[in-house]
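The values are calculated or read from the model by the stated rules, or taken from the named source; none is laboratory data. Since the model is a prediction, treat every value here as computed from it, not as a measurement. With ideal geometry, Cβ positions are generated from the backbone for all residues, glycine too; neighbour counts draw on all protein chains shown. Accessible surface areas use protein heavy atoms only, side chains included; no ligands, DNA or RNA. Shrake-Rupley method; radii C 1.70, N 1.55, O 1.52, S 1.80 Å.
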Amino acid sequence: MRITPCQAALAAAITLNLLLLLVSRLFLLPPGASPPCRHPRAVPAAVPGVTVILRDFHGPDHDVAATSRSFSSLPGVTVLVAAEVAPYPPVALPAGVTVLSLRPEPHRPPPRPELAVPTRHVALVPDGARAVPGLLKRMRDALEAGEGDGSVKVVAAAVGEEKPRCLGLEVDIKAWTARYSHQSDQSDHRSDQRGVQCGALDGAPAVLLLRTRDLFSLPFPLSRPVVTSLSLQASLRGWRFLLLPDSFPLTPKPPQSPHSLWKTQNLLEKQHRELMEQFGLKLELLPDGLQRWHGCTKETPRCFGTIHSQTPQYILGGRWTPPCCLRALRITARHVLEQLESAGIRHWLEGGSLLGAVRLGDIIPWDYDVDVGLYLEDVPKCPWLAAVVATGKPVEDPEGFFWEKAAEGEFFRVHFSRSNRLHVDLWPFYPGQGGLMTKDTWLGHGQDVEFPERFLVPLGSVSFVGVEAKAPNDPRGFLELKFGPGAVENPQYPNPGVRRL
């Protein structure tokens with residue numbers, strides 16, 4: 001094939017351009033420098049200044065426009081309005097104020113809010129706050145001054161006349177629990193004219209300032225309610241708050257109608273519940289001794305699914321039984337033990353439940369049911385069990401507990417409710433050959449073995465879930481027969497082959 005002069009000229013031009021590009025890459029860069037690598041979504045280098053993020057706002061009565069206008073008037077301050085959807089009703093935002101969408105959309109790239117924050121510091125500002133010249137700079141200077149041992153990662157200033165309370169906070173992931181406490185001036189925090197160090201803040205409005213890199217190193221940087229969310233995440237990382245004596249003004253709002261107040265309160269409660277679910281927290285122990293529960297109830301399913309290999313999924317995730325489930329199991333166990341006792345049925349704690357009673361006087365923290373043995377011939381004495389045997393159908397007693405025959409074999413289950421399947425297993429035993437107590441269903445658990453009837457004649461008692469429960473007369477001997485020597489002193493998960501304690 002012949003090459004025309006036009007084709008030869010084109011090829012020469014392309015070759016020359018490639019050579020020029022190569023020369024520029026190799027010889028025009030500073031010594032030791034690498035060719036720049038550009039990524040379309042690379043995080044820009046932080047620049048001095050503060051980016052204000054408006055996150056905590058809700059309802060049609062929001063003050064986003066005026067709040068953003070106030071802070072965007074400050075020199076060197078960028079304002080972002082962060083929300084799953086744009087503020088509604090729509091408002092005219094000041095020039096330069098951007099709405100940052102946090103909700104994934106099928107036709108857009110996933111949200112990357114950190115890419116929208118160009119500054120080294122970021123301030124989370126609640127709705128209705130008004131800027132004070134120089135206060136954000138004072139907060140930034142306090143953060144960079146390296147107060148204390150460097151654990152201060154968040155500087156806070158009140159918004160309005162109500163000051164946030166300084167609290168201690170321990171987040172126990174294994175126990176699904178957040179424990180708040182009052183801080184004493186002497187031991188739990190350090191205070192001077194520059195502010196007071198806190199482990200956490202309560203929910204009063206506050207501006208929170210921190211380094212941008214610290215905020216976006218958190219798994220939930222913009223979760224609401226902002227103060228609660230950052231308090232929980234700070235506790236898990238050993239961060240502390242520095243609460244300054246300064247405050248930002250809070251614009252007064254016109255009185256809300258009863259309906260608006262109801263909607264606002266419901267929304268705040270919904271946000272709080274969703275935050276607890278996001279963090280996997282089922283119980284908050286408040287400084288005044290009150291408890292706030294977020295787990296299952298009689299009207300809801302239990303907090304975990306079907307158990308495989310005697311190992312609930314939460315154990316594999318490094319957690320123990322949710323406290324709401326332990327509470328429901330205690331309530332169910334007390335009810336069942338009372339019913340058996342009042343019916344005159346000979347019964348006793350079995351397996352891991354007896355082990356928990358001897359060790360702790362309670363359910364083992366990672367156990368997921370309660371086991372009770374009883375004499376098979378006594379079953380008809382209990383009206384609920386007798387009804388199950390007679391009809392073959394479940395029975396709901398007047399207090400909402402659900403009695404049924406287990407699908408797995410010849411034993412019974414009493415559930416916390418028709419919806420919530422936390423349960424007590426009732427195992428009918430009878431005397432067999434050689435004076436050994438036996439039963440008709442064996443599930444293959446290592447501790448599920450026959451035992452001499454002498455352990456039950458007479459029956460003893462142990463403390464369990466706040467009551468005196470019937471038990472074998474030699475609990476330690478009974479447990480060592482079932483689990484092996486040292487069972488009481490050496491805790492272990494139900495199936496060490498799957499997960500060891």
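The figures follow:
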| item | result |
| --- | --- |
| Scattering curve values for segment 186-288, log₁₀ I(q)/I(0), Debye with Cα scatterers, q = 0.25 Å⁻¹ | -1.45 |
| Relative contact order of segment 50-248, pairs being alpha-carbon contacts under 8 Å that are 6 or more residues apart, as % | 24 percent |
| Cross-link reach list, lysines versus K153, counting only Cα pairs under 24 Å and skipping chain neighbours closer than eight places | K137, K163 |
| Net charge of Cβ neighbours under 14 Å - reference G409; Lys, Arg +1; Asp, Glu -1 | -4 |
| Kirkwood hydrodynamic radius over Cα pairs of segment 327-421, then Stokes diffusion coefficient at 10 °C and 1.306 mPa s, in µm²/s | 115 µm²/s |
| Trypsin sites (Lys or Arg not before Pro) restricted to segment 428-501 and DSSP loop, no more than 16 other C-beta within 10 Å | R500 |
| Equivalent ellipsoid dimensions for the chain as semi-axes, Å, which come from the Cα gyration tensor, largest first | 60, 33, 23 |
| All aspartates and glutamates inside 16 Å of K393 as judged from Cα atoms, apart from same-chain residues fewer than 8 positions distant | E404, E408, E410 |
| Area of T212 that stays accessible when all protein chains are in place (1.4 Å probe, Å², to 10) | 20 Å² |
| Pairs from K405/K482; K282/K439; K298/K482; K405/K470 whose Cα-Cα separation, in the structure shown, is over 28 Å | K282/K439; K298/K482 |
| If the convex hull is drawn through the Cα atoms of segment 313-483, its volume per residue in Å³ | 121 Å³ |
| Hz values of 3J(HN,Hα) by residue in segment 273-283 - Karplus curve (6.51, -1.76, 1.60), Gly and Pro given as x | 4, 5, 5, 4, 5, 4, 8, x, 10, 10, 8 |
| DSSP beta bridge pairing in segment 50-248, given as percent antiparallel to the nearest 5 | 50 percent |
| In segment 381-421, GluC sites (Glu not before Pro) in a DSSP loop with at most 16 other beta-carbon atoms within 10 Å | E399, E408, E410 |
| Portion, in percent, of the accessible area of the chain that falls on carbon or sulfur, probe 1.4 Å | 57 percent |
| Shape category assigned to segment 50-248 from the gyration tensor of Cα positions, a/c cut at 1.5 | prolate |
